[in-house]
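Inspection log for the structure reproduced underneath, given as structure tokens.
The values are calculated or read from the model by the stated rules, or taken from the named source; none is laboratory data. As the structure is a computational prediction, the values presented were derived from the model and not from experiment. In this analysis, Cβ positions are derived from the backbone assuming ideal geometry, glycine residues included, and neighbour counts consider all displayed protein chains.
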Amino acid sequence: MVMKRLFRTGTFKLPAFCVVLCVTLFFNSCSNAIVIKDPAGLAVVNTGDDFIINLPENHSKGNLWTLKEDSLKDEVNFLNAVWHGNEKGIYFHFKAVKNGMSKITFFERHFADTTSVKSFIVKIVSD
């Protein structure tokens, strides 16, 4: 009903609406998540923060990383995984839920074979 009225009266400006929508979506999609690339050492993340584990993955050679199913504890929630191409690899997105330590393990698979294993130790602390 409201949209019909806006379109009928001519007060609704579609280009201006699209610009506002795009700017809002852009700023909401940008995040300041911590990116962890190296499994050596301990990564420290604040409770409630998002973090990303980045692993090199080349689909043209048949290599894929998979998250070990039982490696997540109550401290960390798995959000999603996004592949950014052969050059950038795959980004596994997580959220730190509560204080503690978590060991997150990944398997690198080449077709049906496991070729390597990487584990990341994440310590979740209060702000």
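When the residues of region 106-127 are filtered to those that are touching a residue at least 12 places away in the same chain (Cβ under 8 Å) and of a type in the set (S, T, N, Q), the one that is surrounded by the fewest Cβ atoms within 10 Å (Cβ to Cβ) is Ser126. Among the residues of region 71-84, those identified as of a type outside the set (Val, Ile, Thr) and closer than 16 Å to Glu108 by Cα are Ser71, Ala81, Trp83.
Look at (1) free of Cβ contacts under 8 Å to residues at least 24 places away in the same chain; (2) in contact with a helix residue (DSSP H, G or I) (Cβ under 7 Å, 6 or more places away or on another chain) and you find that Lys103 fails only one, number (1). Of the residues making up region 52-72, those that are surrounded by fewer than 16 Cβ atoms within 10 Å (Cβ to Cβ) and more than 17 Å from Val117 (Cα to Cα) number 3. The set of residues in region 92-127 being in contact with a Ser or Thr (Cβ under 8 Å, 6 or more places away or on another chain), farther than 20 Å from Asp70 by Cβ and part of a strand (DSSP E or B) consists of Val125 alone. Going through (1) farther than 18 Å from Lys123 by Cα; (2) modelled with pLDDT under 85; (3) in contact with a Phe, Trp or Tyr (Cβ under 9 Å, 6 or more places away or on another chain) one by one, Ala33 falls short only on (1).
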